[in-house]
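Here, each number is a calculation from the coordinates, and none is a lab measurement. Everything quoted here is computed from the prediction, not taken from an experiment. Because the Cβ atoms are built from the backbone with ideal geometry, glycine has one as well, and the counts that use them run over all protein chains shown.
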Amino acid sequence: MNDKDCNKPEREATVPILLTAGEVAYELRKSVRWVWSARSAGLLPRAVSVGGSRRWLAADLLLWARSGCPNEEEFSKLKNMERKNNANE
């Protein structure tokens, strides 16, 4: 083992890409029931379906929070604009 190896973590810290309702609730400091109610009311970004389960993209939730927590429709427009901007770069 050399000096370079001593400075490297054994494993890189990772952030989950997809979050469960429980994980979303934890991160937002809300209840799981609130997450499902907010999803039904269109207050959260759209969740994706994975094997019959609903999951939220961590990147979407981060962008959503940084954008002032817009409703699902406004967030969808914002996300589309972000994609177009990234495609033009």
Inset, instruction - Can you run down the residue pairs with Cβ atoms below 7 Å, 6 or more apart or on separate chains, where the first is in region 19-31 and at negative phi and the partner is polar (S, T, N, Q) and in a helix (DSSP H, G or I)? - result: none
Legend entry - Selection from region 45-88 of residues that are surrounded by 14 or more Cβ atoms within 10 Å (Cβ to Cβ), within 11 Å of the chain's Cα centre (by Cα) and of a type outside the set (Gly, Ala, Ser): Pro45, Arg46, Arg55, Trp56, Leu57, Asp60, Leu61, Leu63, Trp64
Legend entry - Filter result (within 11 Å of Leu18 (Cβ to Cβ) and in a helix (DSSP H, G or I)) within region 36-83: Ala58, Ala59, Asp60, Leu61
